[in-house]
Each structure stands twice: as structure tokens, then as C-alpha cells.
1. Return the residues of the stretch 56-76 that are assigned to a loop (DSSP other than H, G, I, E, B), within 18 Å of residue 189 (Cβ to Cβ) and touching a residue at least 40 places away in the same chain (Cβ under 8 Å); say none if nothing qualifies.
2. Do you know which of the residues in the stretch 147-160 that are more than 23 Å from the chain's Cα centre (by Cα) and assigned to a strand (DSSP E or B) is farthest from residue 110 (Cα to Cα)?
3. Counting only residues that are at negative phi, buried (at least 18 other Cβ atoms within 10 Å of the Cβ) and at pLDDT 95 or above, give me the strands (runs of 3 or more DSSP E) lying completely in the stretch 161-279 with at least 2 of them.
4. Please work out if residue 129 is surrounded by fewer than 22 Cβ atoms within 10 Å (Cβ to Cβ), touching a residue at least 12 places away in the same chain (Cβ under 8 Å) and in a loop (DSSP other than H, G, I, E, B).
5. So which pairs qualify, if the first residue must be in the stretch 206-232 and over 22 Å from residue 244 (Cβ atoms), the second must be assigned to a strand (DSSP E or B), the Cβ gap must be under 9 Å, and the two must be at least 6 apart or on different chains?
6. Could you please let me know if residue 73 is over 30 Å from residue 127 (Cβ atoms), surrounded by fewer than 23 Cβ atoms within 10 Å (Cβ to Cβ) and not assigned by TED's automatic domain parsing to the domain that holds residue 390?
7. Quick test for you: out of 150, 161, pick the one residue that is out of contact with any helix residue (DSSP H, G or I) (no Cβ under 7 Å at 6 or more places or on another chain) and under 30 Å from residue 263 (Cα atoms).
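The values are calculated or read from the model by the stated rules, or taken from the named source; none is laboratory data. Keep in mind that what you see is a predicted model, and the values were worked out from it rather than measured. Backbone-built Cβ (ideal geometry, glycine too); neighbour counts: all protein chains shown.
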């Protein structure tokens, strides 16, 4: 039986939890400035681009004004961002959880602060603030509002999901005029257009197959995503998505060195993405879970075994995104030979080699997540595969003649 999948499953579970818990619907409050977190392709909104940039990246404000951030996208094609102010900097990508080999996101940036969203009063960013976060949609959701009450100066914030995504507020004297909304809108429109043109050019460039001969065997390259040189747009797609090869050829699935922001998997066959049956490592049917965690979010304590997947009012407190062991560990076919379209051949999480160390290392394991995965296809056939992290937009097929 095919099961619901990956991030889509997390979104559904968390939305159900919010509904059952009676979470209020976000309501619009007064605000002075609007910042856009991410974007969509202006003419092809379904194109699998993740715009990893704040628009505008630097915003001038006066002390006492309120800024609203809107996360653009549906969390599937685009829009999986946080707005986070933190003295301690970016947290690690994941941390070890209670169950052996299991990892989870730090709760406080999964859930976010208890202000600024879901109909709550705006957060206040003042000189005593050490942490503020919108949380990950739909745990924290959007819009996110913060009233700025700090002296003149530059104050940076970031997206905890994407290491290269940062923005800043510049608090200027009250006597200094601020750009008009029309001027800011024109700046944002031009920036999105420039980022889109760069992404489209890269998209076209990466459609052509690339191969080499290694030890007498032809080896084809499939890029596992890519990104514009400035990291403003990630291409969440296999490039090329359809590859024609000969029986006996090898395919190397690879994230390039300069890429920073996105994690992916390469999972054969596509029908098992998000849940194997039976599960290779014996824990759950989804790669990502909504996990109950009763401790205060500031403690960083670990989740409770046995509460995975709860979606109801019995969840004692906080939710976190937990990652099953089979999701982080590869499940390669014997000898790396993908013999039939039903052969399970899974990379586990692949992470860009250019990402910070606290994103690439599995805590407590001494293991660094890889950036490439290989498979050899000895027999003719069509071999579909998908990414367990970006299921809906990211899929491919190897066609073997």
C-alpha cells in the first residue's frame, strides 16, 4: 500500500493538530512595512523554484514601527521559510532525538514564538530580545509581525531552513525619510525578475545530459537540484529529469559544491517515496513525522518515544519535525544494481557539500551526510524515482535501452 508522503504528510498532520486544538486563524493587524519571504516564478508559478531570499533584503525602518513578513508559496513548490532573530545564530539542521538513529528539528524554530502570528499581538524586538521566530509553515504560519523597538543600527535575521537566506532591518533616525511603498515595490519586482532570469538560464543550461567514461563504463550525471550562483533561487528538480541510457551504464546523482540551501533524496522506486513497506529500519511509514514533545521549547529536550504521528488534542504540548532513521541512512540495492523498476535503491538524505558543518553532520554519529549517490542499470526498462523531501515537484525517470 502506498502511503502519504514526506513534507506533504507533515503539513497535513500539523494542520490537523492546529484544527483540533482550536488554533485561531491568522488575522491582519496594522503594520508599517511588508517584507516578502521567497517568491514564485512570475509567469510559471508551478516551476519548482525555491526563492531563498527576502524581498527587500534590507529594509529601512523607524523605531516603533511594525514589520510584517509574508511567506510566499504553499510549502511544496516554494515557501518553506522562517523569519528568525537569534543571538546564538543559526541552529543545527537537526539534533539527535530519543529513539536511536532518529533526528528532529530544534523545537523552538519549528514552532516559533508565541506572538506575531495566528491572531496574536505582534512580537516586540527590543534590546532584551535573544530569540524571535515565525516557525516553519504551517506550525508557525504566516503572516508574522514584529514591532521594532531598538536603537539605530543594522539588525539581521535569517531563515533557519536555508543557510544562505538572510535579511536585515536598518533602524534609521526618525528625521530620515523612508522609501515610499511604491519605491520598495519597484525594487522588489526588479529583484524577483532578475532572480527569475538567472534561474531560467540555469534551468535551460542543465537540461542537456552529461557523461564520461570511467574504467570503461559510461557514467551519466544527474544533478540533484541546483542553484543560481548567488543562491537566490534553488532549482528543486533533477537535471535532467528524464535520462536515456544504455544497459550497463551508471548514473551518478550529485549535488554540486557551490549549492548550499536544499536537502534531497534519490529514491527508487517512486511508489515507495515517503514510506517503505516493510520499512527498512522498522520505524514508521513516513520519512518525516509530526512528533509530540511536552517539554518547554527553550530547553531543547528531546521528544517522547511512542508519540510519533499524534494528531489531536491529546498531544501534551509542542510539535517538532522528526526524521525516521531510514530517511537519514541510505538503503542501496545490493552492489548498487537497480535491476527492476521495483528495486529499492534509496540515497537517504543528501546535503550540499557547501552547506555549513552543522547542517551536514548527524549529531552524535560522527557521520557527515553525503552529496552524491550512484546506481548501475544492467537491464532495459523505465526506472522512476523521486525526492523524499520535495515529493510533489521533484521526480525523474531513467530510461534504459
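1. Looking only at the stretch 56-76, we keep the residues that are assigned to a loop (DSSP other than H, G, I, E, B), and these are 56-57, 63-65, 72-76.
When the remaining residues are screened for being within 18 Å of residue 189 (Cβ to Cβ), the result is 56-57, 72-73.
Answer for the stretch 56-76, where residues must be assigned to a loop (DSSP other than H, G, I, E, B), within 18 Å of residue 189 (Cβ to Cβ) and touching a residue at least 40 places away in the same chain (Cβ under 8 Å): 56, 57.
2. From the stretch 147-160, those more than 23 Å from the chain's Cα centre (by Cα) are 147-155; that's our starting set.
Among the residues that remain, those that are also assigned to a strand (DSSP E or B) are: 147-149, 153-155.
Working: 147: 21, 148: 23, 149: 25, 153: 28, 154: 26, 155: 22 Å.
Only one residue tops the list, namely 153.
3. Details: elements: 166-172, 210-214, 217-227, 233-239, 242-245, 249-254.
The qualifying strands (runs of 3 or more DSSP E) are 166-172, 217-227, 233-239, 242-245, 249-254.
4. Details: surrounded by fewer than 22 Cβ atoms within 10 Å (Cβ to Cβ): yes; touching a residue at least 12 places away in the same chain (Cβ under 8 Å): yes; in a loop (DSSP other than H, G, I, E, B): yes.
Yes.
5. 227/50; 227/233; 227/234; 227/235; 228/234; 228/235; 232/51
6. Working: over 30 Å from residue 127 (Cβ atoms): yes; surrounded by fewer than 23 Cβ atoms within 10 Å (Cβ to Cβ): yes; not assigned by TED's automatic domain parsing to the domain that holds residue 390: yes.
Yes; evaluated as a whole, the condition is true for this residue.
7. On the way: 150 fails: under 30 Å from residue 263 (Cα atoms).
From the options 150, 161, the qualifying one is 161.
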